[in-house]
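Peer 1: Dropping a structure here in structure tokens format, bear with me for questions.
The values are calculated or read from the model by the stated rules, or taken from the named source; none is laboratory data. Since the model is a prediction, treat every value here as computed from it, not as a measurement. Cβ placement follows ideal geometry from the backbone for every residue including glycine, while neighbour counts extend to all protein chains displayed.
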Amino acid sequence: MRQLVRSAALAAAVGVTLAAFAGQSSASSAKGPAPQPRKAAAARALPAGYQLVTSGEQPVTGGTQGSAEATCPSGTIAISDLRMMGLIFKKESASDVFHQLIPWITAGFLMMIVTGMLLLWSEPVKCYNSIWFRLKVLFLFLAGLNVLIFHSSKIYRHMHEWEWSENPPRAAKIAGWISLISWGIVIIAGRTTAYNF
């Protein structure tokens, strides 16, 4: 069980990050206007769903930052939320699943904060004017508030009473749904921030 949780956490936290950084590094390696064959090769090196967009003489990747930074912690958070709702790992202790994921969630969250601050620093006006960026930040705060409320609640403090239950308490399920929905909106809004609608 521990190996399964660690593998899932590693795949969620590291896999997406590597795909995003591969897309960024392949586009940023070209300097100036690229010849047509080189541009086509750079476009093929990007992960599925990303396209090479040239802005003047600087090639950039369209939207890799917003989705990668939110997806890093949310994959591991989704595992803990689904366990909290009693939908996966029903035969495993909820506290055991949570405690194995906490280091991965923390590392992904810290990476998300650092890359998010770099994005905001590089494009402050675009981020400030984007309704999607504002929506992303709003739901990021809602997700953080949900974590603070859940971890200070009786449900969390008395987890030993329900951690083996296949049907967790209603408050735990509600906190799990709020978290999943919040992180889903953070990912979608982060991805949409790259576009001007």
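Peer 1: Filter the stretch 131-166 down to the residues that are polar (S, T, N, Q) and in a helix (DSSP H, G or I) and list them by number.
Peer 2: Matches in the stretch 131-166: 146 only.
Every residue, every condition in (1) in contact with a helix residue (DSSP H, G or I) (Cβ under 8 Å, 6 or more places away or on another chain); (2) among the hydrophobic types (A, V, I, L, M, F, W, C); (3) exposed (fewer than 12 other Cβ atoms within 10 Å of the Cβ), yes or no:
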{"position": "122", "(1), (2), (3)": "no, no, yes"}
{"position": "125", "(1), (2), (3)": "no, yes, yes"}
{"position": "130", "(1), (2), (3)": "no, no, no"}
{"position": "137", "(1), (2), (3)": "no, yes, no"}
{"position": "146", "(1), (2), (3)": "yes, no, no"}
{"position": "150", "(1), (2), (3)": "yes, yes, no"}
{"position": "156", "(1), (2), (3)": "yes, no, no"}
{"position": "161", "(1), (2), (3)": "no, no, yes"}
{"position": "168", "(1), (2), (3)": "yes, no, no"}
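Peer 1: So, one more: I'm trying to understand the selection: among the residues of the stretch 62-85, which are modelled with pLDDT under 50, assigned to a helix (DSSP H, G or I) and more than 10 Å from the chain's Cα centre (by Cα)?
Peer 2: 64, 65
Peer 1: OK, next. When the residues of the stretch 186-197 are narrowed to those that are of a type outside the set (Ser, Thr, Tyr) and buried (at least 23 other Cβ atoms within 10 Å of the Cβ), which ends up nearest to the chain's Cα centre (by Cα)?
Peer 2: Checking each candidate, the answer is 186.
Peer 1: Which residue pairs have Cβ atoms under 8 Å apart, sit 6 or more places apart or on different chains, and have a first residue in the stretch 86-106 that is among the charged types (D, E, K, R) and surrounded by 13 or more Cβ atoms within 10 Å (Cβ to Cβ) and a second that is modelled with pLDDT under 95 and not in a helix (DSSP H, G or I)?
Peer 2: 90/166; 92/1; 96/1; 96/163
Peer 1: Now for a different question. State all residues of the stretch 107-120 that are closer than 27 Å to residue 84 by Cβ, of a type in the set (A, V, I, L, M) and surrounded by 14 or more Cβ atoms within 10 Å (Cβ to Cβ); if no residue qualifies, say none.
Peer 2: Correct list: 107, 111, 112.
Peer 1: Considering only residues that are touching a residue at least 24 places away in the same chain (Cβ under 8 Å) and not in a loop (DSSP other than H, G, I, E, B), which ones fall in the stretch 185-196?
Peer 2: Correct list: 185, 186, 187, 189, 190, 191, 192.
Residue by residue, here is whether (1) within 21 Å of residue 79 (Cα to Cα); (2) under 21 Å from the mean Cα position of the chain (by Cα) holds:
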residue: 130; (1), (2): no, yes
residue: 145; (1), (2): yes, yes
residue: 170; (1), (2): yes, no
residue: 173; (1), (2): yes, yes
residue: 176; (1), (2): yes, yes
residue: 180; (1), (2): yes, yes
residue: 184; (1), (2): yes, yes
